[in-house]
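First the structure, in the form of structure tokens, and then the observations on it.
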Amino acid sequence: MTPADVAALALGLPEATEHEASPHMQLYKVSGKIFAVLTPATEQRPDQVTLKCDPGLALHLRAQYPAVRPSHYGRLQHWNTVILDSTVPAEEITEMIHHSWERVVAGLPRATRNRLTAHT
């Protein structure tokens, strides 16, 4: 999966928006809350996306895929960084992006949550 694929998937979710945090970091938000951080490759690191995740599932994914690691953003047990090196199946990354959006939406006020989940 490419960074462009990740961006398209993230922006395809209800009310998702894209924000440039820096030339090397795109934030994807829903209702002002970050659910994905896309970081394109540099000389020091490959393309990667950081996603919110249930802590138990985060540990499972880290054990299953070497390209899934604890994130340097936020609280480590709630965020995974996925190296986009083609070792994690695209279907799995798609599920991770959806899961991240759902985790963020679950923490929003009820009226906002109901409005957003009515789209899914």
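Laboratory data are not the source of any read-out in this text; all were calculated from the coordinates shown. No experiment lies behind these values; they were computed from the predicted model shown. As a convention, Cβ positions derive from the backbone with ideal geometry for all residues, glycine included, and neighbour counts pool all protein chains shown.
Points worth noting:
- Residue satisfying all of: in segment 2-35; hydroxyl-bearing (Ser, Thr, Tyr) and free of Cβ contacts under 8 Å to residues at least 40 places away in the same chain; nearest to ASP85 (Cα to Cα) among these: TYR28
- Odd one out for GLU95, checked against (1) within 12 Å of the chain's Cα centre (by Cα); (2) crowded, with 17+ Cβ neighbours inside 10 Å: (2)
- Residues of segment 96-110 that are out of contact with any Leu (no Cβ under 8 Å at 6 or more places or on another chain) and either closer than 13 Å to ALA36 by Cα or among the aliphatic types (A, V, I, L, M) (or both): GLU102, ARG103, VAL104, ALA106.
- The numbered conditions (1) in contact (Cβ under 8 Å) with a residue 24 or more places away in the chain; (2) surrounded by fewer than 20 Cβ atoms within 10 Å (Cβ to Cβ); (3) in contact with a Pro (Cβ under 7 Å, 6 or more places away or on another chain) are all true for GLN77 except (1).
- Any hit, segment 44-57, residues being touching a strand residue (DSSP E or B) at 6+ places or on another chain (Cβ under 9 Å) and loosely packed, with under 12 Cβ neighbours inside 10 Å: no
- Among the residues of this structure, THR94 counts as one that is of a type in the set (Val, Ile, Thr), closer than 14 Å to ALA10 by Cα and out of contact with any strand residue (DSSP E or B) (no Cβ under 6 Å at 6 or more places or on another chain).
- If you check ARG62, ARG69 for being charged (D, E, K, R) and assigned to a strand (DSSP E or B), only one passes: ARG69.
- Look at (1) surrounded by 17 or more Cβ atoms within 10 Å (Cβ to Cβ); (2) closer than 27 Å to ARG115 by Cα and you find that LEU61 fails only one, number (2).
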